[in-house]
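Peer 1: Questions regarding the structure given below will be posed in turn.
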Amino acid sequence: MIIPAHLSNYLFSIYGKLALYAFDPYFANMGLGLFIFMSGYLLYYNNHSIKSLQNVFDFYRKRLLRIYPLYWAALATFVLVFYVFAPRLNSGFVFPDSENVFGLSNVLVHVLGLQILLAPTYASPMLTLYFVGLIICFYAIYPLLIMFSKSTKLLLLSSFIIYLGLFSISKTFNIIDHRFFMFFLIFVFGILTCKESQFGKAVKLSVKSPLTHILLAVLPVIFVLTIVTGLRESMFLDPRVSVTIDTGSGTIGSSMIRSMLDSMAGLLSINPPLLQFFIDTLFLNIFTILFCVFEYSFAMKFINDKLSRSLSSVFTYIATSSYCVYLFHRPFFTLWNSGTNFINSPILRDVIMVFISIPLLFFVSYHVQTMEQNLKSSISHRKFPGKNLSFTGFFTGFNK
């Protein structure tokens, strides 16, 4: 879902760009939301008992070993492709605000994974790689949530206190990127879904008709897309406005809705951007949680089924390569476009991009991920001979 959301930046046919650009907020937010939901779910599934500081340290060690090596490799690749070699590459993609984003201090903040925590005052999160900083924030909080929340009520209370406390810090010191607050509740929802053993019964619809399932899934999509694409549709229909692919991903884009919000904010005597943030967050969380419930209900139907060997291999291949695909797809597509400038037809370039470059990206990512897994396993066996410190349990996402 994230690859199509970003692909509009790397296509050349105007029709392909518009087709993807109109829907990229849906793809991006649902992809990120589902990923964060699964992060919370799988973290609790594998780490539901954290009772001591040693458990906390072990948790952090495993997460850091899983995330940072490939993330650092991706960060170095971003710097090389989008800053060092960018003037020589004619790929059609210009990294926004590259002089500021790739400044030494900002890169060092990214090396530590603190871009979300220190933004916007002390950091400018990079496209795509900002998400690693976001998930690191959630991982940092998770052991504390579990250690001091023995019941669901305590978990909800602790999450609420953390949310309000960090929101107050954010507004006071102008730090902690807004995306943390937009996705934190979805992360907690993933934890609760795994924690509550009876959750599956709770989300079953009273009407078992497949049509009802489809309507419940589609209606919120239509509702939010109407808001999301309001500004874009008017822009595309206005011949005086040139089509540009920006990086904005706000939920509310319609100028009419913005005017209504400004009036409402005046009546409530609050800052209009703050009101928009609350409504953005509310819509995004409702929409994403409904989507996650639908996906969860669908997935649970197959949880005990035995898949064929070939289908299982395909799922394993995609899952194994997914973290690398996420980290490296932007520089990969940029280099690909730079190397295919000899093709004059925009449509042909887009067809080659979709049917050759994307499968190649998964192929390369799978082997990079496998190589990294083997390297870490080899190092761990040298340091701890006789102990099996396997990393192969991380195939289904970089948090399991």
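The values are calculated or read from the model by the stated rules, or taken from the named source; none is laboratory data. In this text, all values refer to a predicted model and were calculated from it rather than measured experimentally. For neighbour counting, all protein chains shown are included, and Cβ atoms are generated from backbone atoms with ideal geometry for every residue, glycine included. Remember, those area values only see protein heavy atoms, side chains included, never the ligands or the DNA or RNA. Shrake-Rupley method; radii C 1.70, N 1.55, O 1.52, S 1.80 Å.
Peer 1: Work out how much length N100 to L268 would gain on full extension: take 0.36 nm times their residue separation and subtract the Cα-Cα distance, in nm to one decimal.
Peer 2: The span from N100 to L268 would gain 56.8 nm if fully extended.
Peer 1: Once you have the Cα-Cα distance between S52 and I162, take 0.36 nm times their residue separation minus that, and quote the gain in nm to one decimal.
Peer 2: 37.6 nm
Peer 1: Additional query: Once you have the Cα-Cα distance between E196 and N304, take 0.36 nm times their residue separation minus that, and quote the gain in nm to one decimal.
Peer 2: Extra length available between E196 and N304 comes to 37.0 nm.
Peer 1: Run the quick spin-label model on T121 and S259: label points 7 Å from Cα toward the beta carbon, then report their separation in nm to one decimal.
Peer 2: Inter-label distance under the simple model: 3.7 nm.
Peer 1: Averaged per residue, what accessible area in Å² does the range 20-155 show with a 1.4 Å probe, protein chains only?
Peer 2: I get 45 Å² per residue for this part.
Peer 1: For the range 268-368, with every protein chain kept in place, what is the accessible area per residue (1.4 Å probe, Å²)?
Peer 2: In whole numbers, the range 268-368 has 56 Å² accessible per residue.
Peer 1: How large is ³J(HN,Hα), in whole Hz, for each residue of the range 129-135 in order, when computed from phi with the Karplus curve 6.51 cos²θ - 1.76 cosθ + 1.60 and θ = phi - 60°, using x for Gly and Pro?
Peer 2: For the range 129-135, the Karplus curve yields 6, 4, 5, 5, x, 5, 5 Hz.
Peer 1: Same structure, new question: Given all pairs of different Cα atoms, what value in angstroms does the Kirkwood hydrodynamic radius of the range 19-58 take?
Peer 2: Kirkwood radius, the range 19-58: 12.4 Å.
Peer 1: With a 10 Å radius around each residue's Cβ, average the other Cβ atoms per peptide and rank 361-372, 156-167, highest first.
Peer 2: Descending packing order for the listed peptides: 361-372, 156-167.
Peer 1: How do W336, W72 rank by accessible surface area computed with a 1.4 Å probe, from largest to smallest?
Peer 2: The ranking, largest first, comes out as W72, W336.
Peer 1: Oh, and also: To the nearest 0.05, what FRET efficiency results for N90 and A28 with a Förster distance of 30 Å applied to their C-beta separation?
Peer 2: The pair N90/A28 has a calculated efficiency of 0.70.
Peer 1: Now for a separate question. Cross-link list K62/K301; K51/K150; K306/K376; K51/K376; K51/K153: which exceed 22 angstrom alpha carbon to alpha carbon?
Peer 2: Checking Cα-Cα distances, K62/K301; K306/K376; K51/K376 exceed 22 Å.
Peer 1: So, with a 1.4 angstrom probe, what is the percent of accessible area on the range 54-141 that is carbon and sulfur?
Peer 2: The C+S portion of the solvent-accessible surface of the range 54-141 is 67 percent.
Peer 1: Assuming R0 = 51 Å, what is the FRET efficiency of S151 and L112, from their Cβ-Cβ distance, to the nearest 0.05?
Peer 2: Approximately 0.90, to the nearest 0.05.
Peer 1: Just to be sure I understand the model, the point goes 7 Å from the Cα along the line to the Cβ. What's the resulting A140 to V354 distance in nm?
Peer 2: Going from the A140 label point to the V354 one covers 4.1 nm.
Peer 1: Taking only the alpha-carbon atoms of the range 72-161, what semi-axes of the equivalent ellipsoid follow from 5 times the gyration tensor eigenvalues under a square root, in whole Å, largest first?
Peer 2: After diagonalising the Cα gyration tensor, the semi-axes are 36, 12, 11 Å.
Peer 1: Starting at 0 and stepping by 5 Å, how many percent of the alpha carbon pairs of the range 1-149 end up in each bin?
Peer 2: 2, 8, 15, 16, 18, 17, 11, 7, 4, 2, 1, 0
Peer 1: Hey, how many Å between the Cα centroid of the range 17-68 and the Cα centroid of the range 257-299?
Peer 2: Using only Cα atoms to place each centre, the spacing works out to 22 Å.
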